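Working notes, beginning with the structure itself.
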Amino acid sequence: QMTAEYQINAFNVPLHNQLKIVLATNIAESSITIPDIVYVIDSGLQKQRQFDPTTNTARLELVAISKQSMVQSQGRAGRVAPGMSISLYSSYDAQKYFPEASIPAIRRVPLTELCLLIKQLPPLNGNGSENMCEDVFALALDTPDKQAVAAALFELRRLGALDQNERMTSLGRLIARLPLNPRTSKVLV
């Protein structure tokens with residue numbers, strides 16, 4: 001949420017005998033690469049978008065990193081000079097409490113926004129008809145739960161963004177243009 005003017009400072013080379021410290025969340029860490037990182041301090045926690053089906057909302061939750069993320073974080077230290085990674089958790093905790101891998105985002109976020117995005121893509125089948133969400137999701141490396149896809153399509157039909165044949169309506173095209181969840185977009189439209 002910092003301005004670009006401040007963000008660019010992370011890439012400035014420090015003067016001789018100066019130490020540059022960059023504090024970044026896992027979200028920032030995945031978006032940028034700062035080449036001169038020597039030391040990494042790993043908290044073992046990350047913010048992850050989670051979907052709560054009971055309230056039908058998505059939120060950021062603080063969760064333990066995966067063992068894969070732990071190894072990746074250690075690899076960021078000392079790329080250009082000798083360095084080290086410092087973990088703020090014990091190896092016992094990492095082995096006992098950290099999952100092997102993170103759950104793919106497609107399995108933990110609401111699919112309504114993604115379904116609208118799929119509908120806006122050029123036809124994948126070559127015959128000019130709109131993409132069917134189930135068919136596109138079937139091509140993914142990690143396929144979402146079929147019930148989650150069905151729930152997303154039901155929600156979009158209920159909102160009037162899709163018709164009964166899963167074609168995007170004029171309201172759906174307006175909703176898809178807003179960078180919000182479809183329910184909030186409909187309220188604004």
Across the stretch 158-189, what is the number of residues that are open to solvent by 70 Å² or more (accessible area, probe 1.4 Å) and not hydrophobic (A, V, I, L, M, F, W, C)? 10
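Just for the stretch 109-122: of the residues that are of a type outside the set (Asp, Glu) and open to solvent by 40 Å² or more (accessible area, probe 1.4 Å), which one is nearest to the chain's Cα centre (by Cα)?
Restricting to residues being of a type outside the set (Asp, Glu) and open to solvent by 40 Å² or more (accessible area, probe 1.4 Å), the top hit is 114.
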Residue match in the stretch 60-75 (condition: within 30 Å of residue 148 (Cα to Cα) and of a type in the set (Asp, Glu)): yes
Would a scan of the stretch 58-77 turn up a residue that is closer than 30 Å to residue 170 by Cα and in contact with a strand residue (DSSP E or B) (Cβ under 8 Å, 6 or more places away or on another chain)? yes
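Say we look at the stretch 55-98 and pick out the residues that are in a helix (DSSP H, G or I) and among the hydrophobic types (A, V, I, L, M, F, W, C); which of these is surrounded by the fewest Cβ atoms within 10 Å (Cβ to Cβ)? Don't jump to the end; show me each part of the working.
Looking only at the stretch 55-98, we keep the residues that are in a helix (DSSP H, G or I), and these are 67-75, 91-97.
Adding the requirement that they be among the hydrophobic types (A, V, I, L, M, F, W, C) leaves 70-71, 94.
On the way: 70: 19, 71: 10, 94: 17.
This residue is 71.
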Give all pairs with beta carbons closer than 7 Å in which a residue from the stretch 167-179 that is under 18 Å from residue 131 (Cβ atoms) meets a residue that is surrounded by 12 or more Cβ atoms within 10 Å (Cβ to Cβ) and acidic (Asp, Glu); count only pairs at least 6 apart in sequence or on separate chains. 167/130; 168/130; 169/163
In the stretch 26-76, the residues that are at pLDDT below 75 and of a type in the set (Gly, Ala, Ser): 28, 30, 31
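The values are calculated or read from the model by the stated rules, or taken from the named source; none is laboratory data. Here the structure is a predicted model, which means the values were calculated and not measured. Backbone-built Cβ (ideal geometry, glycine too); neighbour counts: all protein chains shown. Each accessible area value is taken on the protein alone, full model and side chains, heavy atoms only, with ligands, DNA and RNA left out. Shrake-Rupley method; radii C 1.70, N 1.55, O 1.52, S 1.80 Å.
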